[in-house]
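Input: a single structure, listed below in structure tokens.
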Amino acid sequence: MAQWRSGAGDAEVERLAELAGEASAEVAYAAEQAASTEPVDVTPDLTAAAFFDVDNTMMVGASIFHFARGLAARKFFSSSDLAKFALQQVWFRVGGRESQDGIRASREQALSFVAGHTVEELVTLGEEIYDELMADKIWPGTRALAQMHLDAGQRVWLVTATPIELAAIIARRLGLTGALGTVAEHEDGVYTGRLVGDMLHGSAKAHAVRALAAREGLDLRRCTAYSDSSNDVPMLSVVGTAVAVNPDGGLREIARKRGWEIRDFRTGRKAAKIGVPSVLGAGALAGAVAAGIAYRRRDG
């Protein structure tokens, strides 16, 4: 990514994170204002909202990988490319731990899949791929938590490193208010393959939540955030109530120390111990292998 360079100082990294957060909030707020609103039966609570991470919190596995699988099935790239992406996910997420370099590399690779394609095309494909590969991967328990906030008249936002257009599709399909996501640069409606700022990850999510709260007039002390990852501690820390959902080991420990609520919708002692990211790894690898076999059979 042209805007990030190896060895960049903490100040530069934080500047890009803030830029990413501001850009995401701007896009999300504009989308909400442009959307037609239907009458609701509940009294709006205008100063409280809920913010949900997506991967392994709202959805089993990584949304960007599910999207990549859908693109691979449509010949956007080769099965070997998908396998490499899957192995990156396994390497950096097994055991619930991620490195900044690994996250950056995998997300940039994912965003490069759509370089040269139009925003309109991505949205159309995103709708199709959601139905094919994502709809049945939503955690019912987490979805129920989101509905609890909606029933209380609160706005509910997804907050994810996934491209904001795809995040918005997931939010819309779940009946949520909207989404904060990574903003991919586009010119005349065509993706350049670059990001605005950085990925919406780590401190960038906290910047995005603060920026959106300022636009929406939210009182962050009355807001709630949900995540599975210790990487989202910055976001969880800017709201009044933090909830660890399907937490990785690091977040589980932090949640216990800080007295945060823990919700675990996984089954089995193994899942509770090593975290859902390992499920992503296994699923990603299996998906890549299956895709490769399918392509070889089709091409052979």
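Any read-out appearing in this document is the output of simple, stated calculations on the displayed coordinates, not a laboratory observation. Computed from a predicted structure; not experimentally measured. Virtual Cβ from ideal backbone geometry, glycine too; neighbours counted across all protein chains shown.
Dipole magnitude for the stretch 161-264: computed about the Cα centre from +1 point charges on Lys and Arg Cβ and -1 point charges on Asp and Glu Cβ, it is near 480 debye. Placing a label point 7 Å from the Cα of residue 118 along the Cα-to-Cβ direction, the residues of the stretch 175-219 whose backbone N falls under 14 Å from that point are 187-191. One chain, two ends: residue 15 and residue 137. Fully extended at 0.36 nm per residue, the span grows by 40.5 nm beyond their Cα-Cα distance. Legend: ranking of residues 45, 228, 188, 55 from fewest to most surrounding C-beta atoms inside 10 Å; resulting order 188, 45, 55, 228.
Net length available on complete extension from residue 80 to residue 190 is 37.1 nm, with 0.36 nm assigned per residue and the Cα-Cα distance removed.
Of the residues 257, 137, the one with the fewest other Cβ atoms within 10 Å heads the list, and the complete ranking is 257, 137. Per-residue Cβ neighbour counts within 10 Å put 265, 67, 52 in the sequence 265, 67, 52, beginning with the fewest. The distance between label points at residue 41 and residue 222 comes to 2.4 nm (points 7 Å beyond Cα on the Cα→Cβ vector).
Dipole size of the stretch 26-76 about its Cα centre, with +1 on Lys/Arg Cβ and -1 on Asp/Glu Cβ: approximately 580 debye, rounded to the nearest 20.
Extension gain, residue 258-residue 152: 0.36 nm per intervening residue step, less the Cα-Cα distance, totals 35.6 nm.
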